[in-house]
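The values are calculated or read from the model by the stated rules, or taken from the named source; none is laboratory data. Keep in mind that what you see is a predicted model, and the values were worked out from it rather than measured. FYI the Cβ positions are ideal-geometry reconstructions off the backbone, even for glycines, and counts take in every protein chain you see. Remember, those area values only see protein heavy atoms, side chains included, never the ligands or the DNA or RNA. Shrake-Rupley method; radii C 1.70, N 1.55, O 1.52, S 1.80 Å.
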Number of protein chains: 2
Amino acid sequence: MKAEIIAVGSELLTPDRLDTNSLFLTEELNAIGIEVVRKTVVGDNRELLAEAFRGALNRVPLIISCGGLGPTEDDLTRETVADLLGRKLRRNDEILRYIEGRFRNLGREMPEVNVRQAMVPEGAEILENPRGTAPGLWLEDSGRAVVLLPGPPRELKPLFREQVLPRLERRVSGVRLYSRELRVTGLGESHVEQRILPIYKRFPEVQTTILAAPGETQVHLRFWSDDAARAKKTLDEIVRGFEIALADRIFSQDGRALEEVVAEQLTLNNATIAAAESCTGGLLAQRLTSIAGSSSYFLGGVVCYSNELKTAWADVPAEMIEAKGAVSSEVAVALAEGIRRRVGSTLGVGITGIAGPGGGSDEKPVGTVYVAISHGSGVKDRGTRFPGDRESIRWQASQMALDLVRVHFLYNSQSAIKSSAKRG
Amino acid sequence: MKAEIIAVGSELLTPDRLDTNSLFLTEELNAIGIEVVRKTVVGDNRELLAEAFRGALNRVPLIISCGGLGPTEDDLTRETVADLLGRKLRRNDEILRYIEGRFRNLGREMPEVNVRQAMVPEGAEILENPRGTAPGLWLEDSGRAVVLLPGPPRELKPLFREQVLPRLERRVSGVRLYSRELRVTGLGESHVEQRILPIYKRFPEVQTTILAAPGETQVHLRFWSDDAARAKKTLDEIVRGFEIALADRIFSQDGRALEEVVAEQLTLNNATIAAAESCTGGLLAQRLTSIAGSSSYFLGGVVCYSNELKTAWADVPAEMIEAKGAVSSEVAVALAEGIRRRVGSTLGVGITGIAGPGGGSDEKPVGTVYVAISHGSGVKDRGTRFPGDRESIRWQASQMALDLVRVHFLYNSQSAIKSSAKRG
């Protein structure tokens, strides 16, 4: 079944407010096999509101609206939908008594305007709302259902779960949404596309979306099916193909961010880590410590912006900086080795680069970044030039450093391989 | 003039993603007197996409879409709109060369799929996008304008400001939106409301919104008027009232974040700074270095998670940690003083606390944070207990530390006061 969501309220058309109810509604609807095919945000204007509902009624069998059921002049959802479906509004005395009671309980008198909230379109089912004054309404018309819900999330959410969901579940059959998400780093959107296109093209019934996010590419698979076993088998087959095509570039299949994957590897291997950062300015340390319990693996880090501090805090030889430049693979390696020795951690990470907008040269333009890790028996390093602005370059640099740690464990730890295969 | 925004992308119809471009677009459009009357989110489906554009073309003279201009199979905006307006798509060799050049500059070959991004509907104006591969497109049809923009915000925003805004400004006149934004820290939403309600109540024609954001409270004023002088006078009067009511809790009136304000103060005072962080794990350093040119005032920082590193890197006496606990005002002060001495900076900042979810006790529950700054002639410190989760506590802690620096300069630097008054 397909549905549309209409969010009502002029405040949702200002630069300060977003409709977020639709995220909750989408998640709940998807879980019982209802697909959301459109979301519309419309202001408190009778004509525009009527048009939004009219359009949706022509397209889908289920419309869920939120907002516009309040007591004031600009709350028009009730009246507009009643009009559109050719229903009269009648005062419901039971609701009126309930609203009056609510005000009485708060020691106040009900303002006259609230009578509007007791008006109900003919033939509508009332969805009781014990957390607010306006009840929800369920209307049916030629097999289509129109559900009007109040806007405040703390009213809408329980009302939806308690009263709307059971009604919808009776209507939908076995079709459910089955989905997978692969997160990839070190390969751009187009390159991911080229590698996996031959695979997913063979499964036109599965919706494949490739999304570019900072420092990573995500592949989302969505499959609506009434056959759980077949859906699982199909998605497994596609994912197996993707795993071959993308190999170790996939860092997560369960939604986890790169720092979470690395945190688990560190924990499983009883390893500790320390960082010496220049251009990322603490971003790597911040990401590694954003995870609860990070003190068990993250020992410490230094942000050594100046050359002097690179020497003072991570023992980078001043002559090396002089000869190779502060932004060089040699200095990245020296930072990684220096901080590991100083802190006594299993791993040391070094990052140096030019985040811009200033500081670039012909030889080393803005975006040039070197990262390195030092482990007991050697070092690894990578260097590249990232596109984008300062924020983006810093993020990608921290991503490349985390990926270096991830790949190190991937090929140097039996437990990490097992764990990531199991999670997948 | 009225406009609609269409956000294109199946990922925006999942429970995980929201269209946020429309907030930016709305703000920019409002500022030149264009009202957004509807926002639609629609998936990567040719038929549904066509219907969304068709509906909007029937209602408004201006449609702005974002997304669906990528290189992949499911990027359909270009083709759909060309079809709808009866225009043929032609390959534009100039764009193609530009895209190829972009890949070449990054040392990569252009994947074949990217040729799609060089396809242009007949009669379309090309909106150059130096930050990405897909250019924007401007189409006109019977007096209506359809503007197709790429989805990534870091491409969309400058492209809109540089290429779309000037074209729109030629078309509109009259009523404009006048707005102000005050950013406040150290005072919650309700306390801000209590202090400023008596002031803004006197101006019902101005829309006042109080928004809670992590570690800060924002006050937005919006006033639609065709009289620039009157609008300015009214907003000035309200802001003067707010300045008295909120005093030094206002840190910015020009949209700048707290770290930007502090960065300017440091620069104006020729001052340098260094940080020793525990619970914030590098977040403060990362924020201070997120600003271009930060190497002129940020010398370095340490993230000393373990007690040993607090002693080794910031000279916090082991006996003090033993006696007072690592999370104490004494240790925050010692961190600030130690790092300042070590680095030789004008200011030193120390942060220690319990970000949780573990590590709390009855005496020092999760959320307990101490921050301190050390300057040439003394120290200042603050301690509090923040609500919220790990991420929120860490953010608020970094905010409190930055605010301590800000207030220090506010009362210890003539130039900073002048500058912030002028900016305001």
>> Taking a ≥ b ≥ c as the square roots of the Cα gyration tensor eigenvalues, with a/c under 1.5 meaning rounded and otherwise prolate when a/b beats b/c, else oblate, which class fits the range B:241-390?
In response: oblate
> Considering the Cα trace of chain A, what is its radius of gyration and what is Dmax, both in angstroms?
Replying inline: 28.5, 87
> Taking R0 as 41 Å, what's the FRET efficiency between A:ARG59 and A:ALA247 from their Cβ-Cβ distance, rounded to 0.05?
Replying inline: 0.45
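Take every residue in peptide B:105-114, count the Cβ atoms of other chains within 10 Å of its Cβ, and give the average of those counts.
On the way: counts 3, 6, 2, 3, 1, 1, 9, 2, 6, 4.
Taking the mean over all residues of the peptide, I get 4.
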> What share of all Cα pairs of the range A:150-229, in percent, falls into each consecutive 5 Å distance bin?
Replying inline: 3, 13, 16, 14, 12, 12, 13, 10, 8, 1
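How large, in percent, is the carbon and sulfur part of the accessible surface of the range A:212-287 at a probe radius of 1.4 Å? The partial results should precede the final answer.
On the way: 1300 of 2600 Å².
For the range A:212-287, the apolar C and S fraction of the accessible surface comes to 50 percent.
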> Within the protein assembly as shown, what percent of beta bridges assigned by DSSP are antiparallel, to the nearest 5?
Replying inline: 65
> When Cβ neighbours within 10 Å are restricted to other protein chains, what is their mean count per residue of peptide B:336-346?
Replying inline: 1
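Excluding B:LEU89 itself, calculate the net charge of residues whose Cβ lies under 12 Å from the Cβ of B:LEU89, where each Lys or Arg counts +1 and each Asp or Glu counts -1. Spell out each step's value before the answer.
On the way: positive: B:ARG78, B:ARG87, B:LYS88, B:ARG90, B:ARG91, B:ARG116; negative: B:GLU79, B:ASP83, B:GLU122.
Spelling it out: positives minus negatives among the neighbours equals +3.
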>> Counting only other residues whose beta carbon sits under 11 Å from that of B:TRP224, what net charge do I get with K and R as +1, D and E as -1?
In response: -2
>> Please list, in order, the residues from the range B:59-95 whose amide nitrogen is less than 17 Å from a point placed 7 Å along the Cα→Cβ vector of B:VAL175.
In response: B:60-62
>> Among the listed pairs A:LYS39/A:LYS157; A:LYS157/A:LYS201; A:LYS39/B:LYS201; A:LYS310/B:LYS364; A:LYS324/B:LYS157, which have their C-alpha atoms separated by more than 29 angstrom in this model?
In response: A:LYS157/A:LYS201; A:LYS39/B:LYS201; A:LYS310/B:LYS364; A:LYS324/B:LYS157
>> Keeping all protein chains in the complex and leaving out DNA, RNA and ligands, what accessible area do you get for B:TRP224 with a 1.4 Å probe, in Å² to the nearest 10?
In response: 100
>> Using amide H atoms built in the peptide plane, which far-off residues or other-chain residues are under 5 Å from A:LEU69 H to H?
In response: A:GLY151
> Counting other Cβ atoms within 10 Å of each Cβ, which GluC sites (Glu not before Pro) in the range A:331-403 have at most 14 and sit in a DSSP loop?
Replying inline: A:GLU363
> For chain A, with every protein chain kept in place, what is the accessible area per residue (1.4 Å probe, Å²)?
Replying inline: 41
> Using a probe of 1.4 angstrom, how much of the accessible area of the range B:1-156 is carbon and sulfur, in percent?
Replying inline: 44
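Quick check on chain A: of the DSSP beta bridges with both residues there, what percent are antiparallel, nearest 5%?
60
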> Once the other residues with Cβ under 14 Å from the Cβ of B:GLY360 are scored (Lys, Arg +1; Asp, Glu -1), what is the net sum?
Replying inline: 0
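Counting other Cβ atoms within 10 Å, keep those with at most 16, restrict to DSSP loop, and tell me which trypsin sites (Lys or Arg not before Pro) in the range A:100-165 are left.
Values: sites: A:ARG102, A:ARG104, A:ARG108, A:ARG116, A:ARG131, A:ARG144, A:ARG154, A:ARG161; in loops: A:ARG108, A:ARG131.
The qualifying sites are A:ARG108, A:ARG131.
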>> If the only charges are +1 at each Lys and Arg Cβ and -1 at each Asp and Glu Cβ, what is the size of the charge dipole of chain A around the Cα centre, to the nearest 20 debye?
In response: 1100
>> Roughly how large is the B-A contact in terms of buried accessible area, totalled over both chains, probe 1.4 Å, nearest 100 Å²?
In response: 5800
>> Let's test the formula: R0 of 35 Å, r as the Cβ-Cβ distance of A:ARG144 and A:ARG17. What FRET efficiency results, to the nearest 0.05?
In response: 0.75
> Once label points are set 7 Å from the Cα along Cα→Cβ at both B:ARG154 and A:ASN307, what is their separation, rounded to one decimal in nm?
Replying inline: 2.9
